[in-house]
Amino acid sequence: MALSRLLHAPGFVRWGVTIDTAAEWRWLALLTVALWPTWWWMGQRMVDGSDDPLGALALGALVVVLWTHRRHLRAAPHLGLQAAALTGVVLTTALHNQLPELLVALIGLLSLATGLLAFLPARVSSAPVWGLSVLSLPLLASLQFYAGFPLRVVTAEVSRWLLSLGFIAERTGSSLVVDGQLIIVDAPCSGVQMVWLGYFTACAVALATQRSNRAFLLRLPVVGVLVLLGNVLRNTVLAAAQASGHHLPGWGHDAVGLVVLALVCSGIAWAMAREERAI
């Protein structure tokens, strides 16, 4: 009964119409400003050397998405998404200093992406937008801490199989012994940055080619496989060169890494850009 009276109250109806027809930039600006503690924490973490600033690239991609569709934004936002975005921002504010900052920032960035989707045209898939919001976080250091060693072990083991074709290779932990030479698969060889760039490429290409959520999600496993294969290839080439006595200079290591990264990202872009009927 109370809800029925509210729905028939002129003032409440006018208030609802005002909210529903408010300019999109006001809502998005409100969400952005409300997340200022998250921006402050993210900025500090990106500039103090504790994490790589790659998240800024993902944030820039979200801005490009908004700019690309600026002339086709919904006059009336999707109310469910808008309500979810506002709820998430309130939770972000309430949970500040109560939970780990990375988790709070995750809620905030997902809320911002949800608010953005409330205004974007329906043809824009939501999954890659949420993916870019996650990639916007300064999380490479955390990924290196929690997933770096397992990735190095897997990379070293698969590299051992390949190196065994031409060398005597053994693995101990994340290190290799190739023809009596100790080769350490260190943190930069874990492939964490390649993982980030691979999934960033997947999200960006999926949005640029207007892939559906279904097509995007079905192709995500391909991203993981290509990243793993690329990381194994890079480490195998470098280990084989060292075991053969051809010690590459620093720029040689970088060149091999960049070539493999280009191949991996190109493969991911090709997989994401394929038409859905080819799945």
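The values are calculated or read from the model by the stated rules, or taken from the named source; none is laboratory data. These figures come from a predicted structure and were not determined experimentally. Ideal geometry is used to build each Cβ from the backbone, glycine not excepted, and the neighbour counts take in all protein chains shown. The protein model used for the area step is the full one, side chains on, heavy atoms only, and it has no ligands, DNA or RNA in it. Shrake-Rupley method; radii C 1.70, N 1.55, O 1.52, S 1.80 Å.
Quick one: count up the residues across segment 241-273 that are in contact (Cβ under 8 Å) with a residue 12 or more places away in the chain and either closer than 30 Å to Thr209 by Cα or not polar (S, T, N, Q) (or both).
Of the residues in segment 241-273, the ones in contact (Cβ under 8 Å) with a residue 12 or more places away in the chain are 242-243, 253, 256-257, 260-261, 263-265, 267-269, 271-273.
Now drop any that are not either closer than 30 Å to Thr209 by Cα or not polar (S, T, N, Q) (or both), which leaves 243, 253, 256-257, 260-261, 263-265, 267-269, 271-273.
Total satisfying the criteria: 15.
Considering segment 200-216 alone, what residues qualify as being open to solvent by 40 Å² or more (accessible area, probe 1.4 Å) and either polar (S, T, N, Q) or modelled with pLDDT of 95 or more (or both)?
Initial filter on segment 200-216 (open to solvent by 40 Å² or more (accessible area, probe 1.4 Å)): 208-210, 213-214.
If the condition is that a residue be open to solvent by 40 Å² or more (accessible area, probe 1.4 Å) and either polar (S, T, N, Q) or modelled with pLDDT of 95 or more (or both), then Thr209, Gln210, Asn213 are the ones that fit.
Report yes if Ala76 is small (Gly, Ala, Ser), closer than 17 Å to Leu116 by Cβ and modelled with pLDDT under 80, otherwise no.
When the stated conditions are applied, Ala76 passes them.
For segment 149-165, state whether one or more residues are open to solvent by 50 Å² or more (accessible area, probe 1.4 Å), part of a helix (DSSP H, G or I), touching a Lys or Arg at 6+ places or on another chain (Cβ under 8 Å) and at pLDDT 85 or above.
Looking for residues that are open to solvent by 50 Å² or more (accessible area, probe 1.4 Å), part of a helix (DSSP H, G or I), touching a Lys or Arg at 6+ places or on another chain (Cβ under 8 Å) and at pLDDT 85 or above, one finds at least one in segment 149-165, hence yes.
What are the residues in segment 24-39 that are open to solvent by less than 50 Å² (accessible area, probe 1.4 Å) and more than 18 Å from the chain's Cα centre (by Cα), if any? Lay out the reasoning, then the answer.
Step one: list which residues in segment 24-39 are open to solvent by less than 50 Å² (accessible area, probe 1.4 Å), which gives 27-29, 31, 34-35, 37-38.
Of everything in segment 24-39, those that are open to solvent by less than 50 Å² (accessible area, probe 1.4 Å) and more than 18 Å from the chain's Cα centre (by Cα) turn out to be Trp27, Leu28, Ala29, Leu31, Ala34, Leu35, Pro37.
If you take the residues in segment 168-180 that are open to solvent by 50 Å² or more (accessible area, probe 1.4 Å) and touching a helix residue (DSSP H, G or I) at 6+ places or on another chain (Cβ under 8 Å), which one is farthest from Leu233 (Cα to Cα)?
Here the answer is Asp179.
Answer with yes or no whether Trp196 is within 26 Å of Leu132 (Cβ to Cβ), exposed (fewer than 14 other Cβ atoms within 10 Å of the Cβ) and aromatic (Phe, Trp, Tyr). Spell out how you get there, then give the answer.
Numbers: within 26 Å of Leu132 (Cβ to Cβ): yes; exposed (fewer than 14 other Cβ atoms within 10 Å of the Cβ): no; aromatic (Phe, Trp, Tyr): yes.
Criteria not met by Trp196.
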